[in-house]
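Remarks on the structure that follows.
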Amino acid sequence: MPAIVLLTDFGGQDHYVGVVKGVILGIAPQAQMIDLSHDLPPYEWAAAQFLLTQATPYFPPGTIYVVIVDPGVGGTRRPIALQTPTGTYVAPDNGVLQPLFPQVQAVVELNNPTYWRTPQPSQTFHGRDIFAPVAAHLSRGIPLGEIGAPLDPQTLVTGQLVRPIATPTGWRGHIQYIDRFGNLISTIPASQVPLNPLPHVQWRDITIPWGTHYGAVPVGELVALVGSHGYVEIACHQGHAARRLGAKIGDEVLLIC
């Protein structure tokens, strides 16, 4: 039975995550569930994309991923499941799965109520009534083609991905994720960082020196580096760069080479 990986913006304060797990266990009592994260900023599909692309290389092929960042729940957006060589992904069709589109082998709309929790799902909690039960049935071996009607991958919704842009002095990127430590993870990949001379990062009117690790600067100082994720990030040694800089997802960052 493949593992079911859960990624949501539900947080830990409310009952939503527990209910999703309860629905899965009611259908697949042997299910192995893994919490990738439930602390995404609400509605931030770009943050969900980042975590998903960072995690999938470390799970076995065939893993089932349930991605619930769904500000359009109950509206016109479609609930979908798509299959790639890395696994099966159950999510709203709102662009959150866009990085996977080049790998799509099959995709269906989740419109077969046989595999919902109820034929009359809540219009505010598809995670409980559609996504969770579908994932549970898939984990028990129900074929993707039985879950819903096939879709043309060309009709899937794409998000507004902001890619890094070359400038006369380096690269302009944006913050795609802020982790628990306040590190600002940009969209600029390590492949764009020159080794000689070393670059620096410009954040508004603040020049941030380059380092190879967090401790390359004194405690409390800012440093720019390539993180374990393979992107340029801004950190504060034993501090919180996001709070110190007043930064948020989507803000611009410059790599000066």
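Within the stretch 62-73, is there a residue that is open to solvent by less than 60 Å² (accessible area, probe 1.4 Å), part of a helix (DSSP H, G or I) and not basic (Lys, Arg)? Walk me through it before giving the result.
We begin by selecting, within the stretch 62-73, every residue open to solvent by less than 60 Å² (accessible area, probe 1.4 Å); these are 62-70, 72-73.
Then keep just the ones that are part of a helix (DSSP H, G or I); that gives none.
Among the residues of the stretch 62-73, not one is open to solvent by less than 60 Å² (accessible area, probe 1.4 Å), part of a helix (DSSP H, G or I) and not basic (Lys, Arg), which makes the answer no.
Filter the stretch 224-239 for residues that are touching an Asp or Glu at 6+ places or on another chain (Cβ under 9 Å) and closer than 20 Å to Cys257 by Cα and give the result. Across the stretch 224-239, the qualifying residues are Ala224, Leu225, Val226, Gly227, Glu233. Of the residues making up the stretch 85-103, none is without any contact (Cβ under 8 Å) to a residue 40 or more places away in the chain, surrounded by fewer than 16 Cβ atoms within 10 Å (Cβ to Cβ) and of a type in the set (Ser, Thr, Tyr). Within the stretch 123-155, the residues that satisfy the criterion of being open to solvent by less than 30 Å² (accessible area, probe 1.4 Å), over 16 Å from Gly26 (Cα atoms) and not aliphatic (A, V, I, L, M) are Phe125, His126, Gly148. Residues in the stretch 173-217 that are under 15 Å from Leu245 (Cβ atoms), of a type in the set (Phe, Trp, Tyr) and not in a strand (DSSP E or B): Phe181 alone.
I need a count of the residues in the stretch 103-132 that are assigned to a helix (DSSP H, G or I) and within 21 Å of the chain's Cα centre (by Cα).
Going residue by residue through the stretch 103-132, those that are assigned to a helix (DSSP H, G or I) are 103, 113-115, 126-132.
From what's left, within 21 Å of the chain's Cα centre (by Cα): 103, 126-128, 130-132.
Number of matching residues: 7.
Here the stretch 230-257 is the region considered, the condition is being more than 20 Å from Pro41 (Cβ to Cβ), open to solvent by 20 Å² or more (accessible area, probe 1.4 Å) and of a type in the set (A, V, I, L, M, F, W, C), and the residue that is modelled with the lowest pLDDT is Cys257.
Those residues that are exposed (fewer than 14 other Cβ atoms within 10 Å of the Cβ) and within 25 Å of the chain's Cα centre (by Cα), I need them from the stretch 211-229; list them, please.
Let us first name the residues in the stretch 211-229 that are exposed (fewer than 14 other Cβ atoms within 10 Å of the Cβ), namely 212-213, 215, 218-220, 228.
Within the stretch 211-229, His213, Ser228 meet the criteria.
The values are calculated or read from the model by the stated rules, or taken from the named source; none is laboratory data. Small disclaimer: the values here were computed from a predicted structure and weren't measured. All Cβ positions, glycine included, derive from the backbone under ideal geometry; neighbour counts span all protein chains shown. Heavy atoms of the whole protein, side chains included, go into the accessibility calculation; ligands, DNA and RNA do not. Shrake-Rupley method; radii C 1.70, N 1.55, O 1.52, S 1.80 Å.
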